[in-house]
1. Hey, any hits in region 36-43 for a residue that's more than 17 Å from K101 (Cα to Cα), aliphatic (A, V, I, L, M) and touching a residue at least 12 places away in the same chain (Cβ under 8 Å)?
2. Could you tell me whether any residue of region 55-65 is of a type in the set (V, I, T) and modelled with pLDDT under 95?
3. Can you find, within region 46-74, the residue that is nearest to T140 (Cα to Cα) among those that are out of contact with any strand residue (DSSP E or B) (no Cβ under 7 Å at 6 or more places or on another chain) and part of a loop (DSSP other than H, G, I, E, B)?
4. Within region 106-148, which residues are surrounded by 10 or more Cβ atoms within 10 Å (Cβ to Cβ), out of contact with any strand residue (DSSP E or B) (no Cβ under 6 Å at 6 or more places or on another chain) and part of a helix (DSSP H, G or I)?
5. Answer yes if at least one residue in region 80-92 is at pLDDT 85 or above, among the aromatic types (F, W, Y), outside any loop (DSSP other than H, G, I, E, B) and within 18 Å of C31 (Cα to Cα), and no otherwise.
6. Give me the pairs, please: first residue somewhere in region 48-64 and within 27 Å of S149 (Cα to Cα), second residue anywhere and part of a helix (DSSP H, G or I), beta-carbon distance under 7 Å, and either six or more positions apart or on two chains.
7. Tally up the residues in region 86-101 that are surrounded by fewer than 22 Cβ atoms within 10 Å (Cβ to Cβ) and more than 18 Å from P13 (Cβ to Cβ), please.
8. For E151, all conditions in the list (1) modelled with pLDDT of 85 or more; (2) loosely packed, with under 10 Cβ neighbours inside 10 Å hold save one; what is the number of the exception?
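The values are calculated or read from the model by the stated rules, or taken from the named source; none is laboratory data. Small disclaimer: the values here were computed from a predicted structure and weren't measured. With ideal geometry, Cβ positions are generated from the backbone for all residues, glycine too; neighbour counts draw on all protein chains shown.
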Amino acid sequence: MPALAPPFYGSCPCTHISYTLTSTPLIVHACHCTHCQHESGSAFALNALYEPDRVIVQDGKEADILRTNVPSEKGGQTMHRCPKCYTVLWSTYAAGRDLLKVVRVGTIDGGVGKLRPDAHLFVGKEKGWMNLDGERVFETVGKKENYWSGESLERFRIVVGRGQR
């Protein structure tokens with residue numbers, strides 16, 4: 001991940017919901033799972049993982065966000081959408097006890113140009129035309145220690161500690 005200086009800003013396309021990211025992400029990954037392909041309408045979803053307190057919804061519109069539960073065998077996820085244009089801004093995952101917000105990089109201002117994936121997950125789902133030579137690829141989520149930085153692992157430990165209280 002390149003050295004970037006927060007804060008970062010983002011919004012849905014209609015700009016009804018805007019937010020501020022107060023730090024760099026823990027990790028950026030391209031998820032090639034079938035669900036992300038369907039949800040994004042593309043070959044993968046590009047996600048930036050953040051601690052919840054580092055994603056600040058502007059103008060007091062947190063209550064406006066539409067939450068859609070999507071079940072799965074691992075407990076499912078909650079999609080957080082704009083109530084006007086229905087764009088997914090981020091997700092939280094039941095299996096992760098909602099400890100992280102998985103922000104869609106395409107909703108971050110200039111995010112796709114700024115945030116290169118640190119890893120590609122569920123690469124068994126990628127398309128034959130996609131060349132991932134030289135990239136860190138995993139057949140599943142993999143172990144964080146294999147692709148997260150030391151600083152990100154420490155930030156994650158702090159979040160997990162807060163969640164266990």
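1. yes
2. In the first step, residues of region 55-65 are kept if they are of a type in the set (V, I, T); the result is 55-57, 65.
Pick out the ones that are also modelled with pLDDT under 95 and you get none.
No, because not a single residue in region 55-65 is of a type in the set (V, I, T) and modelled with pLDDT under 95.
3. In this case the residue turns out to be K74.
4. Matches in region 106-148: G106, G111, V112, K114, G124, K125, K144.
5. Applying the first criterion (at pLDDT 85 or above) to region 80-92 yields 80-92.
Narrowing further to those that are among the aromatic types (F, W, Y): 86, 90.
Next, only the ones that are outside any loop (DSSP other than H, G, I, E, B) stay: 90.
Among the residues that remain, those that are also within 18 Å of C31 (Cα to Cα) are: 90.
Within region 80-92 (the criterion being at pLDDT 85 or above, among the aromatic types (F, W, Y), outside any loop (DSSP other than H, G, I, E, B) and within 18 Å of C31 (Cα to Cα)), the answer is yes, since at least one residue qualifies.
6. A48/V105; E51/R155; E51/V159
7. The total comes to 8.
8. Only one criterion in (1) modelled with pLDDT of 85 or more; (2) loosely packed, with under 10 Cβ neighbours inside 10 Å is unmet by E151, namely (2).
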